[in-house]
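> Below: one structure in structure tokens.
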Amino acid sequence: MYKEAKDFIELMYDELGKDKQEMTRRLEQIYAEIQKTGTYWHTSEELTYGAKVAWRNSNRCIGRAHWNGLNVVDARDITNESTFIHSIEDHIVQATNNGKIKPYITIYHSDHPPRIYNNQLIRYAGYDDCGDPMEREVTQLAEHLGWQGPHTDFDVLPLIYQMPGDKVKYHDYPSEIIKEVPITHPHYPKLQDLNLRWYAVPIISSMDLKIGGITYPSAPFNGWYMVTEIGVRNFTDSYRYNLLEQVARAFELDDLKNTSFNKDRPLIELNYAVYHSFRAHGVSMVDHLTAAKQFETFERNEHKRERDVTGKWSWLAPPLSPTLTRNYHHGYSNEMRDPNFHYKKKSHSGCPIHSS
């Protein structure tokens, strides 16, 4: 742990131009604390900078140009259930910001955190016959706890959580804090008949934040949506909502043979509909081509600072018209560097009603 702590502290003090003697004193303090307790406590400055650098190092994120603008909330002192729920709801409200989305992270205690079972703080339920198939397990857990949704394609799941030493519970969000966008197309009014919608802010809550050897298991964070995350992946992936055929019919494109190119046309128009709808409702969103240009800017800025940019190519090349972006045409090292966000091991994040 001390080696990882030392690497992080040296990085932070170097990048922020802080006093080297102060750094030496801080490292001595951390070493003594680890020797005595087996761990150490980040200062608020260390926590804040570590969270920002974790975003900068996130190999799968195309939006890293904004890493230094992350709003960091230190919630490590929260042990009370009502205070925890309030902090989650406050994160949603502050991040949503009436549609002008703010990058936001709330970080809870490393050793005794409230446990969050949701994959994202806001997500739609998945049933056997409707909704989001990716969320079936979490939906079953919510129902096991006594929750009942209206059983539509777009039922907002409750927060499912567990305070240290307590049982698993759920909490329904007040509807007024969840901003959703109905999806329409200005030239294809029949799309409205599908009653598509999506929530405004993607707040990831299923990853570990690791800073200087310390792991924070509960640290929900968000940026804003890139259009293809909704218009390609969520709506048309075969294992998600799988809506391509329904959307094609709404656009009066009935021949979906490969040679008709009528699988491609509705995909483009659906993404335009998502982008148009978010903008019309005043909700921040970036298109895939602009996001790729912003990533180019990020790469240039990192190279100026003599920092190599790592990345996972399959995530940095957008799933729509990827060859129009620079990201598609060269590879990246997928080396994982800390601070960073890490996927949880299934054994630690699985559904408690299905685990032995």
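> Give, as a single signed number, the net charge of other residues whose beta carbon lies under 14 Å from the beta carbon of Pro158, with Lys and Arg counted +1 and Asp and Glu -1.
Net charge around Pro158: -3.
> Within the chain, what's the longest run with no GluC sites (Glu not before Pro) in a DSSP loop and at most 12 other beta-carbon atoms within 10 Å? Give the range, please.
Values: sites that count: Glu252, Glu306, Glu335.
Value returned for the longest uninterrupted segment is 1-251.
> While we're looking at this one, here's another question. At 20 °C and a viscosity of 1.002 mPa s, what translational diffusion coefficient does Stokes-Einstein give for the chain, taking Rh as the Kirkwood radius over Cα pairs? Give it in µm²/s as a whole number.
Using the Kirkwood radius from Cα pairs, D works out to 98 µm²/s.
> At 222 nm, what value in deg cm²/dmol follows for the chain if DSSP H runs of at least 4 each add -39500 (n - 2.57) and the sum is divided by all its residues, to the nearest 500?
After summing the helix terms and dividing by residue count, I get -10500 deg cm²/dmol.
> Which ordering of Cys130, Cys61 is given by a fewest-first count of other beta-carbon atoms within 10 Å?
Cys130, Cys61
> Something else: Calculate the length of the line joining the C-alpha centroid of region 280-347 to that of region 38-96, in whole Å.
Taking the Cα centre of each part, region 280-347 and region 38-96 sit 20 Å apart.
> Ok, one more. Explain nothing, just the number: relative contact order of the chain, from Cα pairs under 8 Å at least 6 residues apart, as a whole percent.
21
> Ok, one more. Counting Lys and Arg as +1 and Asp and Glu as -1, each charge on the Cβ, what is the dipole of the chain about the Cα centre in debye, to the nearest 20? Before the final figure, lay out the partial values.
Numbers: 41 positive and 47 negative charges, 156 e Å.
It comes to approximately 740 debye.
> Moving on. Show the residues, 5+ positions off or on another chain, whose built amide H is closer than 5 Å to the amide H of Asp153.
When sequence neighbours closer than 5 places are left aside, the close amide H contacts are Gly131.
> Here's another thing I want to ask about it. P(r) for region 96-188: what percent of alpha-carbon pairs falls in each 5 Å bin, starting at zero?
Cα pair-distance distribution for region 96-188, in percent: 3, 11, 19, 20, 18, 15, 8, 3, 1, 1, 0.
> Using +1 at the Cβ of each Lys and Arg and -1 at the Cβ of each Asp and Glu in region 206-342, identify which of Thr259, Gly212, Ser277 lies farthest towards the dipole's positive end.
Of the listed residues, the answer is Gly212.
> May I pose another question? Straight-line reach from Lys210: which lysines have Cα under 16 Å away, leaving out those fewer than 8 places along the same chain?
Lys3, Lys6, Lys52, Lys344, Lys345
> Then there's this: What is the sum of charges, Lys and Arg at +1 and Asp and Glu at -1, for the other residues whose Cβ falls under 10 Å from the Cβ of Gly223?
Around Gly223, the charge tally is +2.
> On to the next question. Where is the GNM fluctuation largest for the chain (alpha-carbon springs, 10 angstrom cutoff): Met285, Met207, Met23?
Evaluated over the chain, the most mobile residue of the options is Met23.
> Gln29 to Asp254: extension gain in nm, 0.36 nm per residue of separation minus the Cα-Cα distance?
So the extension gain works out to 74.1 nm.
> Can you tell me what share of the DSSP beta bridges in the chain is antiparallel? A percent to the nearest 5 is fine.
On the way: 23 of 31 bridges.
Given both bridge residues lie in the chain, the antiparallel proportion sits at roughly 75 percent.
Since every read-out is calculated from the coordinates, none of them should be taken as a lab result. All of these numbers come straight from a predicted model, not from anything done at the bench. With ideal geometry, Cβ positions are generated from the backbone for all residues, glycine too; neighbour counts draw on all protein chains shown.
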